[in-house]
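Structure first, then comments.
A short reminder: the numbers here are calculations on the coordinates, not readings from a lab. Predicted model, so just to flag it, every value in this text is computed and none were measured. Note that each Cβ is placed from the backbone with ideal geometry, even for glycine, and that neighbours are counted across all protein chains shown.
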Ligand SMILES: Nc1ncnc2c1ncn2[C@@H]1O[C@H](COP(=O)(O)OP(=O)(O)OP(=O)(O)O)[C@@H](O)[C@H]1O
Ligand SMILES: [Mg+2]
């Protein structure tokens, strides 16, 4: 018995030789980048106003997915009222532009800051409770923002919403047609992707993963749980706040129907279908959402709710990690430093590729 | 009348009582743990050993009595504040993070000491890189120390064999740079050779200046490493003293015979 | 506000509250056993209400004129069908995810909820449907309070169902098995209880209670809408938490409390803020006293 397990242990040790994994599938990787580039530039070669409009929606939903991914995918908190922050971004822009003469550039950061403030206000009492209670509380919060949008007429224009601000511009170039918004929305998606990816691979990201996996163990590792949950909430809210402003400009109106529970549900579906934690995954989720919502719905009418909930159910049951699962891997540059410890040299450790 | 801190033991548990509903799991437990000692805590299944750990480490907050670290009460502090105060622990049913790799576990344990703020993290500034490189070097040293030097640092922690998972939990706890390390059955499910390795590791931990509170069913481990032993039965301390005394104590023998010990 | 108005508001609140209590019963029983918020409960409540309209109208067509038997038959059929639906929900959305991390069954039950209300929306074309009015609309005067006979019947029917459920859980053998499973699933299984079947049964009973609530609601207000499940579900969840989730008599207490609170809210505040107020109450309760008024039955294990 003893011999057997000693032999097993030797085998395990031999198998687990420490290496920096070589960069895999380079061809596939470049193929992927090329495909993404072609897809992202599609509105330019497809032309017209329909495609740029759709692609802008995809970019906005990609951003929504990326923001909510921080909350659900990184920190494991189910947020059913996320679109409230999108609403805040939109209404802040509309108010700033209509009544205070602000431009989109000035209003966007204000909207983002107010979204973060709102997320802290709602997060503070809610993040202490169990995960399932949190879901319900965020649902309630989303509901409050929705009804506030309907009823605080002086701030939100009520059912009719707010509209009629003057055309926004960048460097003297006005945002007149959908193709003008597209680079802006896409740019936001790219920034959101880079920043959230960077966070994921840092101390904050590790803390979030720990909390998601096991709160008791995270506490034992010395991670301040409530504070980091609050960070996840606040970081997530930034992106919805920014995207909400662009959405308002694009639509030329902000009104309550865009921020219903249904929308928040779709945002959750985007993250879970795409792949919790995965940057590419949730962007793909956003793209799929727009494709289904735009194209399927023109043929099937009200079936979109049925289609989405069935899809979400199927993914949770059959592929819980989502379409593009996130595989945690420490970055190669870090592993290289792990191996370069001068105290040890490289004895006993193989180190392919430089 | 606060005492001279050097006169205080590192850990002082006095009158600790924990009840779950009507069940009193720990009742009036008091013991001192001076710095530098390895204190064993043994007792039959359900005696309340893990519950004592949970109270000390802040997993359970509603207890009566006092837990003091160098004279300062830990009452009302949460788990993370207790880690900050210098107490780390492992879990009886291994609790590793399912989505983290081996090295990330140690980095998670270093959380409080890695100096990077949100902006550094978001932009991967040079300060971020330097902080991560320093952290990784330290993580390497800790992994070497617990005997995980031959393990792929980029592997998922849950893919490790059981014995190595226990070592990784110890590495995560050590990464918080504790004064006191509490180990909950580190040798559970190990064979003789592995338990001897584990005993050696526990002694090495003490050599590094870390005080150890050890819960263990494996008597070979307990008797070979502990300076003193506390015996719990039905939530109460029945004996405490050096291993030789505890080994011979009729109450201890009765407790184990009466309740079917696992060794 | 005069005393008379005050009493009237309390009476109105108790009537709605009894309906919320019935839905809350579904949340609480399921939560007690599987430690999961079954979001689908709000959807089952809505489906039950719509099935109710359907069978009610059908019976009218076949000339069944006596209101009480018509309501009873409708109740029985709709509760059975919704119970069967809840059985399917458990099979599809809960059972395969029994050992998955908490997020998975939460999301799947959320998806189930959305699927149910979307299907209702598609089938009915998102139009509100009207319940045939069953009883003479002549109001009853009980001292200073005016209530329709329908609301009185609804109140007592809801209370009856809840007390019945309570007695079922407390007295019958199956009820005992349910309580054992709620207290400790592994131990119950070791004692020879078929816990899988108990879980199914709990979902079914919860769904049936939801359907009953839906029908009583429809009969009381005369119309049902495709978004009633969302609001009703949330309010009832608040009720379940208030009463101490997992606590069967608590569901009734919570339901009545929430009913009276929202009735007051609608008197003192402009009507359109009604829902927002209920949501705010919900958040406050969960934040301040997540264990509810009566305390939680189920202890969390570390
Ligand atoms: N969270 C809890 N809720 C209810 N009872 C608990 C809880 N944790 C522990 N207990 C009970 O407290 C008693 C002591 O348990 P504890 O886990 O501390 O024992 P132990 O000495 O660690 O046993 P073992 O050697 O089996 O690990 C047991 O009766 C157990 O059932
Ligand atoms: Mg134990």
| request: Could you tell me how many degrees, from 0 to 90 and to the nearest 10, lie between the Cα long axis of helix C:3-34 and the main elongation axis, the longest principal axis, of the Cα atoms of chain C? | output: 20
| When DSSP beta bridges are limited to those with both residues in segment B:109-263, what percentage is antiparallel, rounded to the nearest 5? | 50
| note | Computed over segment A:49-258, the relative contact order (Cα-Cα under 8 Å, seq sep at least six) in percent reads 44
| message | Show log10 I(q)/I(0) for chain A at q = 0.10, 0.12, 0.13 Å⁻¹, two decimals, from a solvent-free Debye sum over equal Cα scatterers. | response | -0.67, -0.92, -1.05
| Calculated [θ] (222 nm, deg cm²/dmol) that DSSP helices of n ≥ 4 give over chain A, each run adding -39,500 (n - 2.57) | -22000 deg cm²/dmol
| note | The helix A:131-151 Cα axis meets the longest alpha-carbon principal axis of chain A at an angle in degrees, between 0 and 90 and rounded to 10, of 20
| query | Please state the relative contact order of chain C as a whole percent: Cα pairs under 8 Å, 6+ residues apart? | reply | 37
| task | Taking the Cβ of each residue in A:210, B:226 as the centre, tally the other Cβ atoms inside 10 Å and list the residues starting with the fewest. | result | B:226, A:210
| note | Ranked on Cβ counts within 10 Å of their own Cβ, fewest leading, C:88, C:253 go C:88, C:253
| request: Could you line up B:151, C:241 from fewest to most neighbouring Cβ atoms inside 10 Å? | output: B:151, C:241
| query | What whole number of Å gives the distance from the Cα centroid of segment B:1-72 to the Cα centroid of segment A:200-275? | reply | 39
| task | Could you let me know the centre-to-centre spacing of segment B:174-225 and segment A:121-188, using Cα atoms, in angstrom? | result | 54
| query | In terms of the Cα gyration tensor, with a ≥ b ≥ c the square roots of its eigenvalues, is the protein assembly as shown rounded because a/c is under 1.5, prolate because a/b exceeds b/c, or oblate? | reply | oblate
| query | Taking the Cα atoms of chain B alone, what are Rg (to one decimal) and Dmax (as a whole number) in Å? | reply | 19.0, 64
| Over all residues in B:98-107, what is the mean tally of Cβ atoms on other chains that come within 10 Å of each residue's Cβ? | 6
| message | Taking every DSSP beta bridge with both residues inside chain B, roughly what % is antiparallel (nearest 5)? | response | 55
| request: Set the Förster distance to 35 Å, then compute FRET efficiency between residue C:142 and residue C:61 from the Cβ-Cβ distance, nearest 0.05. | output: 0.50
| note | Between residue C:167 and residue A:317, Cβ-based FRET efficiency (R0 51 Å, step 0.05) works out to 0.90
| Mean-position separation - Cα centroids, segment A:28-46 and segment C:148-207, in angstrom | 57
| Given just the C-alpha atoms of segment A:49-258, how large is their convex hull per residue in cubic angstrom? | 112
| field | Normalised contact order of segment A:172-254, rounded percent, pairs of Cα under 8 Å and 6 or more residues apart | value | 32
| message | I need the calculated FRET efficiency for the pair residue B:113 and residue A:120, taking r as the beta carbon distance and R₀ as 30 Å, to the nearest 0.05. | response | 0.70
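Other chains near A:206-214: what is the mean number of their Cβ atoms within 10 Å of each residue's Cβ?
6
Can you give the helix-only mean residue ellipticity at 222 nm for chain C, where every DSSP H stretch with n ≥ 4 adds -39500 (n - 2.57) and the sum goes over all residues, rounded to the nearest 500 deg cm²/dmol?
Working: 11 runs with 217 residues, N = 302.
So the helix-based figure for chain C works out to -24500 deg cm²/dmol.
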| From the square roots a ≥ b ≥ c of the eigenvalues of the alpha-carbon gyration tensor of segment B:70-179, which class results: rounded (a/c under 1.5), prolate (a/b over b/c), or oblate? | oblate
| query | How big is the antiparallel share of DSSP beta bridges in the protein assembly as shown, given as a percent to the nearest 5? | reply | 65
